[in-house]
1. State all residues of region 303-333 that are in contact with an Asp or Glu (Cβ under 8 Å, 6 or more places away or on another chain) and either among the polar types (S, T, N, Q) or surrounded by fewer than 15 Cβ atoms within 10 Å (Cβ to Cβ) (or both); if no residue qualifies, say none.
2. Quick one: Asp406 ticks every box in (1) closer than 22 Å to Ala439 by Cα; (2) free of Cβ contacts under 8 Å to residues at least 24 places away in the same chain bar one, so which box is it?
3. Name the residue that is surrounded by the most Cβ atoms within 10 Å (Cβ to Cβ), counting only residues in region 163-196 that are of a type in the set (Ser, Thr, Tyr) and under 29 Å from His153 (Cβ atoms).
4. Do any helices (runs of 4 or more DSSP H) entirely within region 337-440 hold 2 or more residues that are at pLDDT 90 or above, and if so, which?
5. Given Leu154, Leu206, which one is in contact with a His (Cβ under 8 Å, 6 or more places away or on another chain), under 26 Å from Glu247 (Cα atoms), within 14 Å of ligand 2 (Cβ to nearest atom) and at pLDDT 95 or above?
6. Taking region 262-305, which residues are under 21 Å from Arg124 (Cβ atoms) and in a loop (DSSP other than H, G, I, E, B)?
7. Determine, yes or no, whether Ala197 is under 17 Å from the mean Cα position of the chain (by Cα) and in contact (Cβ under 8 Å) with a residue 24 or more places away in the chain.
8. Out of the residues in region 244-282 meeting the condition of being touching a Ser or Thr at 6+ places or on another chain (Cβ under 8 Å) and over 26 Å from Thr437 (Cα atoms), tell me which one is surrounded by the most Cβ atoms within 10 Å (Cβ to Cβ).
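The values are calculated or read from the model by the stated rules, or taken from the named source; none is laboratory data. Values in this document were obtained by computation on a predicted structure and should not be read as measured data. Here the Cβ positions follow ideal geometry from the backbone for every residue, glycine too, while neighbour counts run over all protein chains shown.
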Amino acid sequence: LWHHCLRQLESELPEQQFNTWIRPLQAVEEGRVLRLLAPNRFVVDWVNANVAQRISELVEPLSSPPGLSIIVEVGSRIVASPISSTPVAPKGFTREPPSVLGSRLNPDFTFTNFVEGKSNQLARAAAHQVAENPGRAYNPLFIYGGVGLGKTHLMHAVGNVIRGRSDRARVAYVHSERFVSDMVKALQHNTINDFKAAYRSLDALLIDDIQFFANKDRSQEEFFHTFNALFEGQQQIILTCDRYPKEVDGLEERLKSRFGWGLTVAIEPPELETCVAILMSKAAGSGIELPEEVAFFIAKRIRSNVRELEGALRRVVANSQFTGRPITMDFVKEALRDLLALQDRLVTIDNIQKTVAEYYKIRVADLLSKRRSRSIARPRQLAMALAKELTSHSLPEIGDAFGGRDHTTVMHACRVIKELRESQTRTNEDYQNLLRTLAG
Ligand code: ADP
Ligand code: MG
């Protein structure tokens with residue numbers, strides 16, 4: 001099997017690559033597992049990154065029954081010496097537990113290039129402590145928050161620090177969907193013991209987006225045991241989720257309660273200043289000069305998450321490089337025109353609440369609360385009026401989104417704001433400012 005694969009790779013790869021990375025591999029076929037032993041971690045990483053996929057493709061049609069797991073790890077075939085019966089590994093090649101395929105850390109996600117702001121300060125600090133003191137600071141560390149806010153980035157940053165301190169450290173990053181599918185495969189192919197062993201031998205296990213465990217009972221069961229084993233061994237566990245763990249439906253209680261044993265921290269959507277800082281930092285990172293005015297413009301218009309900010313910046317940069325035009329305000333407006341138009345149609349109640357809360361320096365929770373003090377009630381009415389104006393939601397829907405209020409309350413709010421805008425320049429100004437922020 002491996003022979004065939006080798007011949008094929010030899011014909012596909014440049015000779016030097018093949019000699020450096022592939023030739024040193026030793027293959028061990030153990031039941032449904034093809035183990036590739038590499039002399040060091042560099043080789044493991046390179047193989048995982050560059051040819052693991054191809055190897056799978058090559059061996060898959062030849063394995064019967066189909067479905068062979070491939071594990072690339074540091075090690076050397078242990079040869080029983082004829083003199084003593086104790087197996088000895090060649091000097092320098094200590095056996096490290098397997099690096100599970102697909103569990104690579106992204107070296108681009110570091111603490112250094114993670115821009116800190118109020119919205120992510122807590123999560124960042126917690127992650128940093130965990131990186132400094134894995135298994136002992138907070139276990140598990142549970143980071144939750146909306147999409148594109150930096151959860152995965154922080155998680156990798158921790159992994160990179162741990163790995164950077166010792167390349168012996170066994171850190172695995174696994175998306176929870178991947179965990180599920182690997183487990184299913186392992187069950188089918190009777191390699192569940194390898195699967196278990198691989199996970200339990202880790203120094204740190206990073207599982208991303210655990211909301212995907214919802215309603216997957218067998219996976220939850222398996223993960224429960226993995227969790228316990230790691231926890232007892234003081235091996236670090238880091239988890240992320242798109243919402244607060246208790247709010248994930250279809251997740252076993254015993255898991256939810258364990259997730260709270262360590263520290264649970266939220267990442268919030270970044271404030272305007274943080275968005276600007278992120279844009280400036282990403283631009284600087286790619287050697288591009290971004291006028292602050294332009295950064296503010298982009299940040300103001302694209303607030304929902306960092307991933308979209310990055311996308312917009314990439315677009316601007318690509319456009320500017322392609323046309324050779326400098327990045328000015330006019331240029332950016334043009335380059336992002338369709339994106340911004342799309343964004344405008346995407347004004348959500350959520351967004352309105354956030355923007356209004358920020359504008360008045362109160363919390364979104366206040367807007368949804370029962371509090372009636374003027375300093376809260378007025379912004380709440382304004383936000384409702386904006387929601388009516390800018391979204392296509394019905395009055396009852398808007399009422400619902402504001403802490404379950406009645407549609408007559410929303411109607412009343414719209415009327416009050418209309419009158420106030422006519423009688424008070426202050427209210428009208430606030431309204432206009434918010435409108436501009438929200439819809440450009
Ligand atoms: P999530 O996992 O929460 O959906 P990611 O971690 O994938 O989000 O982040 C999306 C993108 O935004 C990534 O490219 C990440 O590097 C970037 N990003 C998010 N937050 C920050 C930050 N505070 N500083 C720098 N980049 C960030
Ligand atoms: Mg993520």
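1. Of everything in region 303-333, just one residue is in contact with an Asp or Glu (Cβ under 8 Å, 6 or more places away or on another chain) and either among the polar types (S, T, N, Q) or surrounded by fewer than 15 Cβ atoms within 10 Å (Cβ to Cβ) (or both), namely Met329.
2. (1)
3. Applying the filter and picking the extreme gives Tyr173.
4. Once the helices (runs of 4 or more DSSP H) in region 337-440 are filtered for at least 2 residues that are at pLDDT 90 or above, what remains is 349-359, 364-368, 374-390, 395-401, 407-423, 425-439.
5. Working: Leu154 fails: in contact with a His (Cβ under 8 Å, 6 or more places away or on another chain).
It is Leu206.
6. Hits for region 262-305 are Gly262, Ile267, Glu268, Pro269, Pro270, Glu271, Arg303, Ser304, Asn305.
7. On the way: under 17 Å from the mean Cα position of the chain (by Cα): no; in contact (Cβ under 8 Å) with a residue 24 or more places away in the chain: yes.
The answer is no for Ala197.
8. So in region 244-282, the residues touching a Ser or Thr at 6+ places or on another chain (Cβ under 8 Å) come out as 244-245, 267-271, 274.
Okay, now just the ones that are also over 26 Å from Thr437 (Cα atoms), so 244-245.
Working: Tyr244: 15, Pro245: 19.
Only one residue fits best here, namely Pro245.
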